[in-house]
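Report on the structure given below.
The values are calculated or read from the model by the stated rules, or taken from the named source; none is laboratory data. Worth saying up front: this structure is predicted, and the values here are computed from it rather than measured. Cβ atoms come from the backbone with ideal geometry, glycine included; neighbour counts cover every protein chain shown. These accessible areas exclude ligands, DNA and RNA; they are computed on the full protein's heavy atoms, side chains included. Shrake-Rupley method; radii C 1.70, N 1.55, O 1.52, S 1.80 Å.
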Amino acid sequence: MTSLQCCPFCAIVRGEDVAVREVARNDKVVVFFPTEPAVLGHCMVIPRRHVEEFTALTADEVSAVMTSAQAVAMSLRETQHPDGINIIQSNGEAATQTVPHVHVHIVPRWDGDAFGEIWPSKTDFSDEEKDRALAKLRATTLLPYSSATPEDRRQHLSFAQNVISRMAQLSSNTKSWLLPVVTAAYGYSLTKCSVALALLGIVATVVFAFLDVGYLRTERKYRDLYARIAAGDPDVPPYSLNYQCSGETRRTRFLEHCSVIKGWAILPFYGTLLVCGFASLGMALLHGH
């Protein structure tokens, strides 16, 4: 039996739970009383799609669930007149989640009610522990932004274009720096029958080729980012220059590098230099003997 078939909340979504006390529903969420409410008026909001964790919801589902929770809270304020309201969302058994389907509790509260305290009265975390946790969160937390203005987008595009131009210039410089090195190395190798100089030119060609591939791959990624900014992609925060896409793996990065290597700016140029290098090496080995 699949998780959807055995999920009690999915049964509510499908209308199969005849005992449920349903408050409301729309095309995104369902609101109902839990079987054992903590207090009268305790409601739950669930997305219609079966999702086990809050972090797996889409942006539209998050918006639907939380705006519905707000609407329920406003209704509870009007009808129950509570002293306060708890809005609780739990993920995982350690956080007291018993049904693996995202749900948000909206709990009206009164002084001295049966719900009790939900927070510890005191903790003893050191300042160092707090600072370490803060640093990790600051490094990984990216909040959603409101829609960018046309001026924001123009400036954002300008930033991305500057990076693209810089990567293109670095690629051009790499080729310019390499040419005199390999010309001298291969030339002296041919005239002096030097194996070492031929090898030096070949190694320099490989090293500079790897550098150039990195620059051109980065340029491609920023061109893709530029296109996403220009198209108004909502997943690109204003002024962000992070070109990473969700789902990127080592394999996809490897394939991207291979695609760059096969491009006209890499394979013909560095391939020709390598052919010349191996020809110089062969000549040096031949005449050296």
Across the chain: Cys residues that no other cysteine approaches within a C-beta distance under 4.7 Å: C6, C43, C193, C245, C258, C276
Can you compute 3J(HN,Hα) from phi for each residue in the range 266-278, using the Karplus curve 6.51 cos²θ - 1.76 cosθ + 1.60 with θ = phi - 60°, rounded to whole Hz and x for Gly and Pro? 10, 4, x, 5, 6, x, 5, 5, 5, 4, 4, x, 5
With -39,500 (n - 2.57) per DSSP H segment of 4 or more residues and division by the full residue count of the chain, the 222 nm estimate, nearest 500 deg cm²/dmol, is -19000 deg cm²/dmol
Given a 1.4 angstrom probe, I'd like the percentage of the accessible area of the chain that is carbon and sulfur, rounded to a whole number. 60
Restricting to lysines 8 or more places apart or on different chains, can you count the pairs in the chain with Cα atoms under 25 Å from each other? 5
Before I look further, what does the chain give for accessible area per residue, probe 1.4 Å, in whole square angstrom? 64
Tell me the net charge near A204. Cut-off is 13 Å between Cβ atoms, A204 excluded, with +1 for each Lys or Arg and -1 for each Asp or Glu. 0
What distance in nm lies between label points placed 7 Å from Cα along the C-beta direction at F33 and Q89? 2.6
